[in-house]
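These notes are about the structure you will find just below.
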Amino acid sequence: MKQKTIIRGKVHYVGVNDRTKHLFEGLWPLPYGVSYNSYLIDDGKVALIDTVDICYFEVFLHKIKAVIGDRPVDYLIINHMEPDHSGSISLIKKYYPNITIVGNKQTFGMVEGFYNISPDHQLLIKNGDSLDLGYHKLRFYLTPMVHWPETMMTFDETEGLLFSGDGFGAFGTLDGGFIDSNMNVEIFWDEMRRYYANIVGKYGSAVQKALEKLTPLPIKAICSTHGPVWIDQIEKVIGIYDKLSRYEGEEGVVIVYGTMYGNTEQMAEAIALELSAQGIKNIILHNANKRHHSYIIADIFRYKGLIIGSTTYCNHLFPEIDSLISKILTRDMKDRYLGYFGSFSWSSAAVKRLAEFAEKSKFEIVGDPVDMKMAIDDNIYEQCEKLGRAMADRLKKDR
Ligand code: FEO
């Protein structure tokens, strides 16, 4: 049993898989589920790094006991307080009443606020402090806003393991293996982008600061709170997070539209056809009514070009487009090329609203907006082609 859970040295994987929940944070679909990773260091002193969602406490405790038997856990290191990881703190404290909780100044207010745990047995650490467990020596790095203000990362200097909290995380359960070299990790790349874009995406500059602090370390494995333990693919994983947190888009265009009867969709098709004719290969059309916005946001993070279309609805934007642009603004997305188009039957409003969004977004506007009355004709078709051409030309300038 013990052998199967070892990562390196005396570090064990004791996380759990959630294949039950439909929506992460009550918002984001989980087609492949999600793992809540926790790590146990079975050293002279026993340390647990983060806990799991409270629904999985029994399974979690069983995994801990399978490694350490009746020995107590000496330290609980809290890298992150969001309840998908902190949910089992109260019960862990009940099972191990003498456990010392390790966290920073921001952590303990949350421990008290969420779980009413008084400040006894606490070890307050600052950036750069260390903790010696016997064989393993841990050093703490504060990484605020990756993804909450209290977030920190713990580096095991003995074996080169970075316990990174949500950083470098991905949706998807760990089916069998938990180390990347022992599993097929294909599904995790898209799920990592979707996780980043929707959960951590607002905090690009905080992620950049954390990367500056951490990438000089001799990292041999990244142990995140979600998804595989990364050993073989460290470079790729850091590369994805680096690129996303710089808001660096690849060549490609996301065309997203809200339509009732398909007329606005015909404008999107015309734009896409012209983009393709101009040599742009990555073109993704999303019907915002049908596709969950988490996938659309992930694609917007991935590609440099964005074209948004909306029919006029109640003298406003189509509701799903209204909701989507609010999500884009909330994430403080930067450096995108933006085109837009709309339609109406008797009174034009969508294009005006999209112009307001364009101004707020600070994206670079490309081409002329197209506003269509009722249905597509040759004139509107040509204007859509012109918009597609303008976007293709702008993207090609970056080649
Ligand atoms: Fe996985 Fe921010 O919690």
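The values are calculated or read from the model by the stated rules, or taken from the named source; none is laboratory data. These numbers were taken from a predicted model, which means no experiment stands behind them. Note that we place each Cβ from the backbone using ideal geometry, even for glycine, and neighbour counts take in every protein chain shown. Heavy atoms of the whole protein, side chains included, go into the accessibility calculation; ligands, DNA and RNA do not. Shrake-Rupley method; radii C 1.70, N 1.55, O 1.52, S 1.80 Å.
Between residue 95 and residue 19, what length comes free when the chain is fully extended (0.36 nm per residue of separation minus the Cα-Cα distance, one decimal in nm)? Each step should come with its number before you reach the end.
Values: separation 76, 0.36 × 76 = 27.36 nm, distance 2.62 nm.
Contour length minus the Cα-Cα distance gives 24.7 nm.
Assuming 0.36 nm per residue, please report the length gained on full extension of the stretch residue 314 to residue 132 beyond their Cα-Cα distance.
Values: separation 182, 0.36 × 182 = 65.52 nm, distance 6.34 nm.
So the extension gain works out to 59.2 nm.
Amide H neighbours of residue 336 under 5 Å, counting only residues 5+ apart in sequence or on other chains, H built in-plane at 1.01 Å?
For residue 336, the qualifying residues are 364.
Whole-Hz Karplus ³J(HN,Hα) for region 145-156, in order, using 6.51 cos²θ - 1.76 cosθ + 1.60 and θ = phi - 60°, x for Gly and Pro?
Result, ordered by residue: 6, 10, 9, 10, x, 8, 4, 9, 10, 10, 10, 8 Hz.
Give me the percent of the accessible area of region 336-399 that comes from carbon and sulfur atoms, probe 1.4 Å, all protein chains in place.
Reported share for carbon and sulfur atoms: 48 percent.
When the chain is treated as a GNM, springs tying every alpha-carbon pair under 10 Å, which of 17, 287, 184 comes out with the largest mean-square fluctuation?
Result: 184 has the largest fluctuation of those listed.
For residue 234 and residue 189, compute 0.36 nm times the residue count separating them, minus their Cα-Cα distance, and round to one decimal in nm.
Gain on stretching residue 234 to residue 189: 14.9 nm.
Excluding ligands and nucleic acids, what accessible area in Å² is computed for residue 354 using a 1.4 Å probe, to the nearest 10?
Here the residue's solvent-accessible area equals roughly 0 Å².
Please name whichever of 140, 49, 79 sits farthest to the positive end of the charge dipole of the chain, dipole taken about the Cα centre and charges placed at Cβ: Lys and Arg +1, Asp and Glu -1.
140
Rolling a 1.4 angstrom probe over the protein chains, ignoring ligands and nucleic acids, what is the accessible area of residue 171 in square angstrom, nearest 10?
Its accessible surface works out to 0 Å², give or take rounding.
Let me test this: with uniform point scatterers at the alpha carbons of the chain, what is the Debye-based log₁₀ I(q)/I(0) at q = 0.10, 0.13, 0.15 1/Å?
For the requested q values the scattering log ratios are -0.70, -0.99, -1.20.
Report the accessible area of residue 322, computed with a 1.4 Å probe over the heavy atoms of all protein chains in place, in Å² rounded to the nearest 10.
About 60 Å², ignoring ligands and nucleic acids.
Measure nothing fancy, just the Cα-based angle from helix 319-330's long axis to the longest principal axis of the chain, in degrees from 0 to 90, nearest 10.
50 degrees
Label residue 396 and residue 281 with points 7 Å out from Cα along Cα→Cβ: what is the distance between them in nm?
1.6 nm
Among 362/396; 63/94; 243/327; 202/304; 126/202; 213/281, which pairs are too far apart, with a Cα-Cα distance over 27 Å?
Violating the 27 Å Cα-Cα cut-off are 213/281.
Rounded, prolate or oblate, given the Cα gyration tensor of region 256-370, with a/c below 1.5 counting as rounded?
Rounded, because the longest to shortest axis ratio a/c is under 1.5.
Express the carbon and sulfur contribution to the solvent-accessible surface of region 168-242 as a percent, rounded to the nearest whole number, probe 1.4 angstrom.
48 percent
Could you tell me how far the Cα centroid of region 146-171 sits from the Cα centroid of region 272-339, in Å?
32 Å
Suppose all protein chains stay in the model; what accessible area per residue would a 1.4 Å probe give for the chain, in Å²?
42 Å²
Set the Förster distance to 25 Å, then compute FRET efficiency between residue 326 and residue 347 from the Cβ-Cβ distance, nearest 0.05. Walk me through the numbers on the way to the answer.
Values: r = 23 Å, r/R0 = 0.92.
Given R0 = 25 Å and the Cβ-Cβ separation, E is 0.65.
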